[in-house]
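Down below is the structure, laid out as structure tokens.
No lab work stands behind these numbers, since they all come straight from the coordinates. On a predicted model such as this, the values are computed, not experimentally measured, just so you know. Neighbour counts run over all protein chains shown; Cβ positions are idealised from the backbone, glycine included.
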Amino acid sequence: MVDLLLGLQWGDEGKGKIVDVLTKNYDIIARFQGGPNAGHTLEFDGIKHVLHTIPSGIFHENAMNIVGNGVVIDPVIFKKELDNLDKFDIDIASKLLISRKAHLILPTHRLLDAASETSKGKAKIGSTLKGIGPTYMDKTGRNGMRVGDLEFSNWKKKYRALANKHEAMIGFYNVDIQYDLKELEEEFLEGIKTLKKLQFIDSEQYIFSAMAEDKKILAEGAQGSLLDIDFGTYPYVTSSNTTAAGACTGLGVAPGKIGKVLGIFKAYTTRVGSGPFPTELFDKDGETMGRVGNEFGATTGRPRRCGWLDLVALKYAVQINGVTELMMMKADVLSGFETIKVCTAYQYNGKTIQHLPYNIEGENVIPLYTELKGWAKDLTKLTKADQLPPALNDYIAFLEKELNVPIKIVSVGPDRLQTIYR
Ligand code: IMP
């Protein structure tokens, strides 16, 4: 069976931490979509680690880590990630396997991303500019380069043809993008050299065999459900299916082989980049969430927009993914608020609705809130569920009732140890 771990909001829910905490229960951790636009943060023994492409099980001795076919890999960023792990005693070559079917992000994909965003002006998506969109475009356009291509001697020819085409496309955007392709290509080739030191596998076959041996597999999602290319707040989304179905296509896992679906959400909401965000706060409360929660993008360093929990959107994510267990992150950040607000409905075209409509952009949707009592207690040193303050228990009970799914973990800080099981 394969369990899934998915972000239910606009990303940055804390997937890295939870995968790291749960890895002891699994034999294999597999990433199934996205690329280095993700920044999965793990904290233990006083050190903070940020992973972009490498699965968050890498620090555990017994877990095998797979980068699945649905992922897009930038060899340059990948090399940097591996270099950062050098100081740890990790046998990367035997613990990290790469799908031959994963697509490669070329330097020109990154340039195309920048050209496309610049050309959009104010309507820009707020992309991380890692080349994600253009790489998935080449994948679905059947022009892409895959990791498996690197095992054939003609890969450089293929690369050149694609890069030349991209250069012509950059010209089409008619924007001022400065770059030195030669320099970028040197970096790219160095990255490829590093990538080639790892084992390339047919990851679906590997997973079939692992399942036949009853191995426990955890599929690690990246970004969040509201950034899903189909079900997110299009066009302000990423270019992959971040929802449960993405794990099936991104690893080759049949739907019937999916076990638990673990959904992660923050006790409030954040979003980085552009796009609608009905519960966004522009006041002192939002500023407090950002400051206390240290809400800055792990990949880009951009400040994250903050707001109250949007239960309408969260219910939608629970339904789309078939979530069986919930994990609430950053509960500690809400300590000190006298009142906690939860958006339980929207006012939409003069009506009160409880589902996510087609267009949730600013003027269409007014969030309607239910207010709950806050708590003052510092949660960061707590270790057991029976230590949680009554008002937080009421908040949890309210959410469980609304979502009809149990909240099994409450996270009260970034460290592995700041994790409370219920
Ligand atoms: P892209 O996937 O880098 O092109 O970015 C598209 C949108 O998704 C932008 O709004 C990004 O800020 C957002 N995004 C992409 N990856 C992440 C992530 O890992 N966490 C949060 N937001 C993300």
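Odds and ends about this structure:
- Under 13 Å, Cβ to Cβ, from Tyr348 - net charge with Lys/Arg +1 and Asp/Glu -1: -1
- Taking amide H as placed 1.01 Å from N in the peptide plane, the amide H of Met64 sits under 5 Å from that of Ile28, Ile29, each at least 5 places away or on another chain.
- Sequence-separation-based contact order of the chain, relative, with Cα cut under 8 Å and 6+ spacing, percent: 20 percent
- Likely footprinting exposure, Lys384, Lys95, fewest C-beta neighbours within 10 Å first: Lys384, Lys95
- Members of Lys120/Lys266; Lys17/Lys95; Lys101/Lys196; Lys130/Lys165; Lys156/Lys197; Lys260/Lys381 lying beyond 21 Å, as alpha-carbon distances in this model show: Lys120/Lys266; Lys260/Lys381
- When the chain is treated as a GNM with alpha-carbon contacts under 10 Å, the residue of Gln178, Gln354, Gln33 showing the greatest mean-square fluctuation is Gln178.
- Of all aspartates and glutamates in the structure, those lying under 19 Å Cα to Cα from Lys351, and not within fewer than 8 positions of it along the same chain, are Asp310, Glu361, Glu363.
- Cα centroid separation, the range 87-115 to the range 355-401 (Å): 37 Å
- With R₀ fixed at 41 Å, the C-beta to C-beta distance from Asp27 to Asp386 puts the FRET efficiency at about 0.80.
- Fraction of antiparallel bridges per DSSP, the chain only, in percent to nearest 5: 40 percent
- Packing-based ranking, highest mean first, of 8-16, 166-174, 313-321 given that Cβ atoms within 10 Å are counted: 8-16, 313-321, 166-174
- Over the range 18-65, relative contact order from alpha-carbon pairs under 8 Å, at least 6 apart, %: 46 percent
- Pairwise FRET efficiency - Asn154 versus Glu325, Cβ, R0 = 56 Å, nearest 0.05: 0.75
- The range 170-263 - percent relative contact order, Cα under 8 Å, separation 6 or more: 17 percent
- GNM result for the chain, Cα springs below 10 Å: residue of Phe88, Phe59, Phe32 fluctuating most strongly: Phe88
- Both numbers refer to the Cα atoms of the range 1-62; Rg and Dmax are 11.2, 34 Å.
- Exposure proxy ranking, count of Cβ atoms within 10 Å, fewest first, for Asp83, Asp230: Asp83, Asp230
- If only the Cβ of Lys and Arg carry +1 and only the Cβ of Asp and Glu carry -1, the dipole of the chain around its Cα centre is close to 500 debye.
- Charge sum, other residues only, whose C-beta stays under 15 Å from Phe282's C-beta, Lys/Arg counted +1 and Asp/Glu -1: +1
- When Tyr346, Tyr358, Tyr206, Tyr179 are sorted by how many other C-beta atoms sit within 10 angstrom of their C-beta, beginning with the fewest, the order is Tyr358, Tyr179, Tyr206, Tyr346.
- Each residue of the range 79-96 is assigned a 3J(HN,Hα), and the resulting list reads 4, 4, 4, 5, 4, 5, 8, 3, 6, 9, 8, 10, 7, 4, 4, 9, 10, 10 Hz, derived from the Karplus form 6.51 cos²θ - 1.76 cosθ + 1.60 (θ = phi - 60°), x at Gly and Pro.
- Whole-Å distance, taken between Cα centres, linking the range 223-243 and the range 46-81: 21 Å
- Gaussian network model of the chain, Cα within-10 Å springs - most flexible of Ile353, Ile77, Ile125: Ile353
- A helix-only calculation puts the chain at -9500 deg cm²/dmol for mean residue ellipticity at 222 nm, using -39500 (n - 2.57) for each DSSP H run of at least four residues, averaged over all residues.
- Charge dipole (debye, nearest 20) of the range 289-421; +1 at Cβ of Lys and Arg, -1 at Cβ of Asp and Glu: 220 debye
- Over the chain - Rg/Rh using Cα atoms and the Kirkwood inverse-distance radius: 0.97
- Close amide H pairs (under 5 Å, H built 1.01 Å from N) link Phe296 with Arg304, residues at least 5 positions away or on another chain.
- Between helix 311-321 and the chain there is an angle of about 50 degrees, using the helix long axis and the longest principal axis of the Cα atoms.
- C-alpha center-to-center spacing [the range 135-185, the range 252-300] in angstrom: 32 Å
- Computed FRET value (nearest 0.05) for Thr370 with Ala93, which takes r as the C-beta separation and R₀ as 51 Å: 0.45
- Gain upon complete extension [Arg416, Asp45; 0.36 nm per residue less C-alpha separation]: 132.7 nm
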